[in-house]
Amino acid sequence: MSGRQHQMSLKNKGGAPPWADVMKSYFSEGHQLFAALQMEPSKIDKDGVSVFATIPDFFSYKDGDGSAHPGAYTIILDTVFGFSVFAKIQQPKAIATINLKTDYLRPIEIGSKVICSAECHAVNGNIARTRGDIFDYDGRPLASATGAFMIASGGPDFARLAKGRPT
């Protein structure tokens, strides 16, 4: 799916679920890493989440080749997967990553704008399963991943964050 297709699928204008504000505040200037990644939601609905991100130069990998460390993929995927869990259960709850398997398909260039789309395709008890991809703006796949998350874990309490209280 190309970047242009993602841009055309914006669904947040006025119809976003209440927990979507938590996602937007999480990407705000208040969180240095996500502010540096310029993470911006482009789709938030029960079927999944898509986010635009720009790869900052502090992710430079080796020998000045202009590519980002693969950890950049992991940070973006883990975050967007977590929000896809919220989309599925329709509320922010404390969650923790149990497993994240990423297939790195090609390098991300520093300064590139990428699109990460994720869906939570199953919730069994307190375990949520996710899958998603990162694409460049020309629609080329950069990474593909699956993950598992524990719901109602001892992780950050996003419900408290939504109410403006520290976690």
(request) Tell me, yes or no, whether the range 23-42 has at least one residue that is surrounded by 15 or more Cβ atoms within 10 Å (Cβ to Cβ), polar (S, T, N, Q) and either modelled with pLDDT of 80 or more or in a loop (DSSP other than H, G, I, E, B) (or both). (result) yes
(request) Go through the residues of the range 66-86 one by one and say whether even a single one is part of a helix (DSSP H, G or I), at pLDDT below 65 and farther than 21 Å from R106 by Cβ. (result) no
(message) Can you list residue pairs whose Cβ atoms sit under 8 Å apart, with the first residue in the range 24-48 being over 26 Å from A128 (Cα atoms) and the second being assigned to a helix (DSSP H, G or I) and at pLDDT below 85? Count only pairs 6 or more apart in sequence or on different chains.
(response) E29/A35
(request) Please determine, by comparing only the residues of the range 96-108 that are touching a Ser or Thr at 6+ places or on another chain (Cβ under 7 Å) and not charged (D, E, K, R), which one is surrounded by the most Cβ atoms within 10 Å (Cβ to Cβ). (result) I108
(request) Among the residues of the range 49-92, write down those that are within 18 Å of R131 (Cα to Cα) and either over 13 Å from the mean Cα position of the chain (by Cα) or without any contact (Cβ under 8 Å) to a residue 12 or more places away in the chain (or both). (result) P70, G71, K88, I89, Q90
(request) Report, ordered by the first and then the second residue, all pairs with beta carbons closer than 8 Å, sequence separation of six or more or different chains, a first member in the range 100-117 that is closer than 20 Å to S60 by Cβ, and a second member that is among the hydroxyl-bearing types (S, T, Y) and part of a loop (DSSP other than H, G, I, E, B). (result) P107/Y61; S112/Y137; K113/Y137; V114/Y137
(message) Which condition from (1) at pLDDT 80 or above; (2) loosely packed, with under 13 Cβ neighbours inside 10 Å; (3) in a loop (DSSP other than H, G, I, E, B) is the one that K93 breaks?
(response) (2)
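The values are calculated or read from the model by the stated rules, or taken from the named source; none is laboratory data. Keep in mind it's a predicted model, so treat the numbers as computed, not measured. Please note: Cβ atoms are built from the backbone with ideal geometry, for glycine as well, and neighbour counts cover all protein chains shown.
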